[in-house]
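A short worksheet on the structure shown next.
The values are calculated or read from the model by the stated rules, or taken from the named source; none is laboratory data. Keep in mind that this is a model prediction, so the values were computed, not measured. Cβ atoms come from the backbone with ideal geometry, glycine included; neighbour counts cover every protein chain shown. Only protein heavy atoms, including side chains, enter the accessible area calculation; ligands, DNA and RNA are left aside. Shrake-Rupley method; radii C 1.70, N 1.55, O 1.52, S 1.80 Å.
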Amino acid sequence: MSEPVLDVRHLQVQFITQTKPVVAVEELSFQLRKGEKLGIVGESGSGKSVTSLAIMGLVPTPGRITQGEIWFTPEGRSARDLLQVNEAERRSYRGGEIAMIFQEPMSALNPVYDIGFQLTEAIFLHQKLSSQDARRKAIALLQEVQLLASDETLQQQCRQAHPNYSDREVSSYINQHKQSILKRYPHELSGGQLQRVTIAMAISCNPSVLIADEPTTALDVTVQATILDLLRHLCDERGMALIFITHDLGVIAELVDSVVVMYQGKVVEAGKVASVFSHAQHPYTKGLLACRPRLDCRLQILPTVTDFMEVTTTPAGKIQITEKQTDINRKPKVVTETEQQARLKQLLQQESLMSVNQLRVGFPTKGMFGKTKKYLMAVNNVSFKVYPGETLGLVGESGCGKSTLARTLLRLIQPLEGDVVFAGDNITNLALRSQKLRSLVDKCRLFFKTPIILLIPALILAKRSPNP
Ligand SMILES: Nc1ncnc2c1ncn2[C@@H]1O[C@H](COP(=O)(O)OP(=O)(O)OP(=O)(O)O)[C@@H](O)[C@H]1O
Ligand SMILES: [Mg+2]
């Protein structure tokens, strides 16, 4: 077996908070070999992200690595303990030989610079290239992450669209197309496209290790599958090792070779993914596997890992986990088809709480001759009703208009046509400052994909308030 490219030994990370120290990672050890794909799974707060930040040397204050070793073997050189090297050497590895991508691509990109600038900046950080070569490399990377079509495909597309072009015109068309993608700003790209840009930035310096912290959690399943395919392809092509952090066991089963299961900062189980999934040993892993959402039936009560294990703390403060045998063998109670129909019938007998009729929402785009306004239609003739006590699911792939529709229901966006009736009031044409529309905020609320969107304004408001 080859030598590990990364060897984490007995890592411990603590956060010194005002009350008591939080041990985010404790006695964590694992190895990663060249080309290997390792998954780290665990519930929220189990220490997955802190582990990746410790490897990158980015643990934020008041966090501290209080114990352990992180041995990294750069290509063709001897192993170095990253916790013992100086900051300059650490910086040379960070973003170069060890790169990272995050859940939210926007957290890695700057909205005021175009992607060409940001990509070449990442290249310049670790490589001495002329700006022309850096731009050429940026384009090659965008082709590698499939944000930009290959030269052959571009050539074919051009020849199909313009059969009379000379070779010179074809080459100028391809060049213009390539340059135009570099000039695009982050807000002009979708979530999946942005994640491809951050992957291009991460692989720009040919890293030996790529850490991906939930890179597909904010993406729909179709886009997620293409990003997973891309990561798999990059690892195989480049011999790059991958640490893939997720709470999604389906993704783990699909992508990685080995898995580390974390619970409260500790590794509770590790091994080859097939053996961990088929012969899980630890009650927490068994619980995680048993709690996967089911598509074949609806359960009366959704299981949680605590149904499968007992967690106690010893007088010395150590956590002990034991298996709840009875619960493992218990058959969960299922809501039958008849029960579902009966509930639905009961709901539909009520007066609807919200009624959406033929709603059309569009974003204006500039027409050919100044004044002509065209609309990019995001929501097209949508109608539905919601009844008190009902849970209505709205699903669809990226860009199909779900969020626009949700915002329109609260009048954060004005629809072009159609009505939204809430509790008997047609709110579509209420004046923005009217008392009725303001009172809607108390009755109908929205929460977002990214919690930080909500928390930062709340913090600013709290700070501005005279009596916080
Ligand atoms: N800056 C900080 N200050 C104090 N405690 C922190 C800080 N950052 C993380 N922690 C704590 O460290 C522990 C591990 O957090 P971490 O972010 O690694 O969890 P995670 O497994 O990545 O969770 P998620 O799946 O929600 O991303 C948590 O108990 C968290 O509260
Ligand atoms: Mg995390």
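How large is log10 I(q)/I(0) at q = 0.13 Å⁻¹ when the Debye formula is applied to the Cα atoms of the chain, each weighted equally and without solvent?
So the normalised log intensities work out to -1.38.
Using only DSSP helix segments of four residues or longer, with each worth -39500 (n - 2.57), what per-residue ellipticity at 222 nm results for the chain after dividing by its residue count and rounding to 500?
-11000 deg cm²/dmol
Name the long-range amide H neighbours of VAL5: under 5 Å, sequence gap of 5 or more, or other chain; modelled H, no Pro or chain starts.
LEU32, ARG33, LYS34
If you count only protein heavy atoms with a 1.4 Å probe, what accessible area per residue comes out for region 283-335, rounded to a whole Å²?
Ligands and nucleic acids excluded, the result is 73 Å² per residue.
Quick one: pull the percent of accessible area on the chain belonging to carbon and sulfur, 1.4 Å probe, ligands and nucleic acids left out.
Using a 1.4 Å probe with all protein chains present, the chain comes out at 53 percent carbon and sulfur.
Need one word for region 1-133: rounded, prolate or oblate. Basis is the Cα gyration tensor (sqrt eigenvalues a ≥ b ≥ c); a/c below 1.5 gives rounded, then a/b vs b/c decides.
It is oblate, given that a/c is not under 1.5 and a/b is not larger than b/c.
Counting just the Cα atoms, what span does region 105-245 cover along each of its three principal axes? Round to the nearest Å and put the largest first.
Sorted largest first, the three principal extents are 50, 36, 32 Å.
I want the antiparallel fraction of DSSP beta bridges within the chain, as a percent rounded to 5.
Of those bridges, close to 70 percent are antiparallel.
To the nearest 20 debye, what charge dipole does region 223-314 have about its Cα centre, counting +1 at the Cβ of each Lys and Arg and -1 at the Cβ of each Asp and Glu?
In debye, rounded to 20, region 223-314 gives about 160.
Amide H to amide H under 5 Å from GLU417: which residues, 5+ apart in sequence or cross-chain, H placed 1.01 Å off N in plane?
Excluding prolines and chain starts, which carry no amide H, the hits are ARG360.
Would you rank ARG94, ARG294, ARG445, ARG411 by solvent-accessible area, highest first, keeping every protein chain in place and using a 1.4 Å probe?
In descending accessible area the options line up as ARG445, ARG294, ARG94, ARG411.
Quick one: which residues, 5 or more positions from GLY271 or on another chain, have an amide H under 5 Å from its amide H? H modelled 1.01 Å from N in the peptide plane, none for Pro or chain starts.
Hits under the 5 Å cutoff: VAL259.
At 1.4 Å probe size, put PHE30, PHE384 in order of accessible surface, largest to smallest.
PHE384, PHE30
Please name which of ALA88, VAL395, VAL261 has its Cα lying farthest along the dipole of the chain towards the positive end, using unit charges on Cβ (Lys, Arg +1; Asp, Glu -1) and the Cα centre as origin.
Selected residue: VAL395.
Rounded to the nearest 10 Å², what accessible area does ASP425 have for a 1.4 Å probe in the complete protein model?
Its accessible surface works out to 50 Å², give or take rounding.
How big is the dipole moment of region 283-335 about its Cα centre under a simple scheme where the beta carbon of each Lys and Arg is +1, that of each Asp and Glu is -1, and everything else is neutral? Debye, nearest 20, please.
Charge dipole of region 283-335: 180 debye, to the nearest 20.
Please list, in order along region 208-219, the HN-Hα scalar couplings obtained from phi with the Karplus expression 6.51 cos²θ - 1.76 cosθ + 1.60 (θ = phi - 60°), rounded to whole Hz, x for Gly and Pro.
Rounded to whole hertz, the list is 7, 10, 10, 9, 10, 9, 6, x, 10, 4, 8, 10.
Could you list log10 I(q)/I(0) for region 283-335 at q = 0.14, 0.18, 0.28, 0.31 Å⁻¹, which the Debye formula gives when each Cα is one point scatterer?
-0.42, -0.62, -1.11, -1.23
Farthest toward the dipole's positive end in the chain, which of PRO105, PRO163, VAL379, given Cβ charges of +1 (Lys, Arg) and -1 (Asp, Glu) about the Cα centre?
Projecting each Cα onto the dipole axis, the largest value belongs to VAL379.
Over region 221-345, what is the relative contact order in whole percent, taking alpha-carbon pairs under 8 Å and six or more residues apart?
About 14 percent, as a whole number.
Mind giving me the FRET efficiency for SER439 and GLU43? R0 is 56 Å, r the Cβ-Cβ distance, nearest 0.05 is fine. Kindly include the intermediate steps, with their values, before the conclusion.
On the way: r = 38 Å, r/R0 = 0.68.
So the FRET efficiency works out to roughly 0.90.
Roughly how many debye, to the nearest 20, is the charge dipole of the chain about its Cα centre, given +1 on each Lys and Arg Cβ, -1 on each Asp and Glu Cβ, and no other charges?
Using Cβ point charges on Lys, Arg, Asp and Glu, the chain gives about 1540 debye.
May I ask you to derive the relative contact order of the chain, considering only C-alpha pairs under 8 Å and at least 6 residues apart, and to give it as an integer percent? Write down the numbers at each step before the final one.
Working: 727 pairs, mean separation 66.7, N = 468.
Relative CO of the chain lands at 14 percent.
Per residue of region 309-324, what does 6.51 cos²θ - 1.76 cosθ + 1.60 with θ = phi - 60° give for ³J(HN,Hα)? Whole Hz please, x for Gly and Pro, Karplus curve as stated.
With coefficients 6.51, -1.76 and 1.60, one gets 8, 10, 10, 10, 10, 6, x, 7, x, 7, 8, 10, 10, 10, 7, 8 Hz.
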